[in-house]
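All remarks here apply to the structure that follows.
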Amino acid sequence: MRSLAAAAAMALILCASAMAKFHISVAASDTTPAIGKPVTLTVRSERDPDYNLRLIAVAPRMNIFRVVATITGDTGRPDPNVARNGFEVPLARGAPDRWRGTVRFRSTGRWRVVVPNGAPVGVVIPAGVARLTITVH
């Protein structure tokens with residue numbers, strides 16, 4: 001009987017954590033912009049979280065986790081050149097499940113925009129919960 005109760009309790013815990021997860025996506029008005037051209041980024045979530053999501057732009061050839069964790073404050077080894085290697089995209093909430101921001105990329109290459117987590121704090125290893133590559137020319 002105890003093993004049945006333990007199994008039921010474990011099932012409830014696993015179901016609760018599975019239900020807490022939801023899909024998040026990132027879209028861009030232009031995925032191949034020129035340097036300095038404004039690009040509108042839209043973040044959408046499957047449900048309405050009671051907190052705002054964040055979006056981080058990571059420069060070409062930079063380690064996604066290190067840049068994102070430095071900007072969010074979730075690392076003991078921050079990137080000393082984070083101002084050069086990435087930045088947070090200011091987002092405005094336009095709907096309960098949608099955020100929008102505009103960015104201008106300052107150099108050519110494959111930039112990655114990353115939603116670090118589907119929760120108010122932390123970073124999902126290795127590269128966030130949603131990611132989009134933007135090739136700047």
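Annotation: per residue accessible area for the range 52-112 equals 56 Å², rounded to a whole number [probe 1.4 Å, protein chains only]. Name the shape class, rounded, prolate or oblate, that the alpha-carbon gyration tensor gives for the range 25-137, where a ≥ b ≥ c are the square roots of its eigenvalues, rounded holds for a/c under 1.5, and otherwise prolate holds if a/b is larger than b/c and oblate otherwise. Because a/c hits 1.5 or more and a/b fails to exceed b/c, the range 25-137 counts as oblate.
By accessible area, using a 1.4 Å probe on protein heavy atoms only, the range 35-135 has 49% of its surface on carbon and sulfur. Each residue of the range 78-83 was assigned a 3J(HN,Hα) from its phi angle through the Karplus expression (A = 6.51, B = -1.76, C = 1.60, θ = phi - 60°), giving x, 6, x, 10, 4, 5 Hz with x at Gly and Pro.
The values are calculated or read from the model by the stated rules, or taken from the named source; none is laboratory data. Note that this is a predicted model, so its numbers are computed, not measured. For the accessible areas, the whole protein counts, side chains as well, though only heavy atoms, and no ligand, DNA or RNA atoms are used. Shrake-Rupley method; radii C 1.70, N 1.55, O 1.52, S 1.80 Å.
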